[in-house]
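Have a look at the structure below before the remarks.
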Amino acid sequence: MKEGLRRAAGKLTAPFVITLVVLFGFYLGGDSFQGFGLAAMDSTRRVLKYVLGVAAFLSLAVLVQRIVQYVIFDGIVASATGSPVPKLLSQMSGLVIFGIAVSACAGIVFEQDLTVLWAASGVAGLVLGMALRELLQDVFAGIALNIDRAIRIGEYIQIHRSGDSKISGQVLEISWRTTRVRDFMGDLVIFPNSKFSAFTITNFSQPEANSFRFVTLTLDARVPLARATRILQAAALEAMTGLAGPDTPVPWVEVKAIRLEGVEYAVFYKAEWRHLGNASPAILQTVLTHLAFAGLETATVLTEGPSAADGAFRQAGGAGPDTAALTALLRATALFRGVGDAPLRLLASHAAMRELPAGQVAIQAGEAGTSLYLVLEGLLSADAGRRSVRDPLPATLRPGDLFDPAILRGEAHGSTVRCRTAVLLCEFGPDALQALFGAGAGTMERVARNLVGGPPNRSDEDEERVADTLRQMRHLFPAPAGRQSSGIGPVANTG
């Protein structure tokens, strides 16, 4: 508000000072000219009087027009309505103000009869009106658009007429003749106001800023409803969070139809119109990623005989992936990078599946770490955590993310992790980790190095951190007799 007042004051200062100076000269013009020896120059005095008079009224008109524009329109009206004043109102107000200033110059400075002037201007206006009929239609249509307030600057609309293609975009400007809209391809579309007012207009910004939309896709009928809902909702939420931010409403999933090829699901989402143009392809791309991670595909038309997709749906009704698939998922995580397949298969065989509903807390900050979790399906959120946490979690945990390594150091969780949607987690408890570290001599060293992170060529300080972490892990998960490592050296792949 203060910035707006300073801007308005800067715009008003120059015309205000010029107006005062010219009016003062106009008022004292006669005496001043005589004092300078110009008493004999009647014609010059008259010309100067006209010049000063015209300059006085025009400068006064500029001052009034700027007061109306920057104080009334941009200040009071814009603050009250919450949207900028259309350019047409500023143009029309300026036209009226300068029309009054010209009339005042003719009547006061030049001492003309205004009735004759108005009569002449009426005849001229009639002729111009007939010649500029379409232009005047645009002007009055623009006035009607601003009075009706069906659309405002910055709002998102869709316009069409029967038989025409629809155009969607954001209103940029309503001038005295045209309305300008930027469509979602980034192109500027300019409509004459008379044509624009004849369109059917859908305003997506009123009465609410958010609109509902949905995308549909079909999954195999063997996929349980709860699992399909969990995967599709998490994928849609991840896509919309990337577009609209973390405060986006949580999408929901409904069964739309049951068809020959499978069950058709509708994924409903809500967002501001400016995000909806990219929402559908983003959601579909993320859905494909989540389905691939879960070992599923979109449905195909059923044929006789064995289906090539049968293998992909072996686990459709189960509680999670098989040992081979889980081993591949663990291998892709940063914590188990470089660990051989044999230890990871052993770890996967000791895994337990946990299904949690939306809103439930998976781990609580401050509680001792008792398990390691791999996200299989769904979406979770982690708070910022304590500043002293060595391994901060990302704000959003999605399929493929592993959390929380506090159990490997015997520490408490630094962040609270909550389910944003229903989730399927793979839990690795102390027994599973004990089996992993007992599978090979170099497994614990590799995990310790991955846990510490850092560049491949570590400094002495980094090696000390690795050694400290390794001592903690050996204390928590002692190796069986005959498998004790003598120290930190080259780490072998134990596959």
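The values are calculated or read from the model by the stated rules, or taken from the named source; none is laboratory data. Values in this document were obtained by computation on a predicted structure and should not be read as measured data. So basically every Cβ, Gly included, is an ideal-geometry build from the backbone, and we count neighbours across all protein chains shown.
Observations on the structure shown:
Okay, residues lined up against (1) assigned to a helix (DSSP H, G or I); (2) modelled with pLDDT of 70 or more:
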site	(1), (2)
Ala124	yes, no
Gly129	yes, no
Val139	yes, yes
Leu145	yes, yes
Arg152	no, yes
Ile159	no, yes
Ser162	no, no
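- Of the residues in segment 297-316, none is of a type in the set (A, V, I, L, M), at pLDDT 75 or above, surrounded by fewer than 12 Cβ atoms within 10 Å (Cβ to Cβ) and over 29 Å from Asp383 (Cα atoms).
Results for (1) crowded, with 17+ Cβ neighbours inside 10 Å; (2) touching a strand residue (DSSP E or B) at 6+ places or on another chain (Cβ under 6 Å), shown as yes or no for each residue.
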{"position": "Pro251", "(1), (2)": "yes, yes"}
{"position": "Glu254", "(1), (2)": "no, yes"}
{"position": "Gly262", "(1), (2)": "yes, yes"}
{"position": "Trp273", "(1), (2)": "yes, yes"}
{"position": "Gln285", "(1), (2)": "no, no"}
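- Residue pairs whose Cβ atoms lie under 9 Å apart, separated by 6 or more positions or on different chains, with the first residue in segment 352-373 and on the phi > 0 side of the Ramachandran plot and the second charged (D, E, K, R) and surrounded by fewer than 16 Cβ atoms within 10 Å (Cβ to Cβ), are Gly366/Arg386.
- Looking across segment 409-428, the residues that are touching a helix residue (DSSP H, G or I) at 6+ places or on another chain (Cβ under 8 Å) and either in a loop (DSSP other than H, G, I, E, B) or not assigned by TED's automatic domain parsing to the domain that holds Leu329 (or both) come down to Gly410, His413, Gly414, Arg420, Thr421, Ala422.
- Members of segment 182-209 found to be in a strand (DSSP E or B) and among the aromatic types (Phe, Trp, Tyr), listed by number: Phe191
- Residues in segment 154-168 that are under 19 Å from the mean Cα position of the chain (by Cα) and on the phi < 0 side of the Ramachandran plot: Glu155, Tyr156, Ile157, Ser168.
- Residue within segment 210-225 that is basic (Lys, Arg) and not in a helix (DSSP H, G or I) present: yes
- Checked across segment 112-121, the condition of being in contact with a strand residue (DSSP E or B) (Cβ under 9 Å, 6 or more places away or on another chain) and either farther than 30 Å from Ser211 by Cα or at pLDDT below 70 (or both) holds for no residue.
- The listed residues are Leu237, Leu225, and the only one of them that is exposed (fewer than 15 other Cβ atoms within 10 Å of the Cβ) and outside the structural domain of Lys166 (by TED's automatic domain parsing) turns out to be Leu225.
- Count - residues of segment 316-365 that are touching a Pro at 6+ places or on another chain (Cβ under 9 Å), under 17 Å from Leu451 (Cα atoms) and of a type outside the set (Phe, Trp, Tyr): 1
- If the condition is being within 20 Å of Phe204 (Cα to Cα) and not in a strand (DSSP E or B), then segment 258-280 contributes Trp273, Arg274, His275, Leu276, Gly277, Asn278, Ala279, Ser280.
- Filter result for Asp431 (surrounded by fewer than 16 Cβ atoms within 10 Å (Cβ to Cβ), assigned to a helix (DSSP H, G or I) and at pLDDT 85 or above): yes
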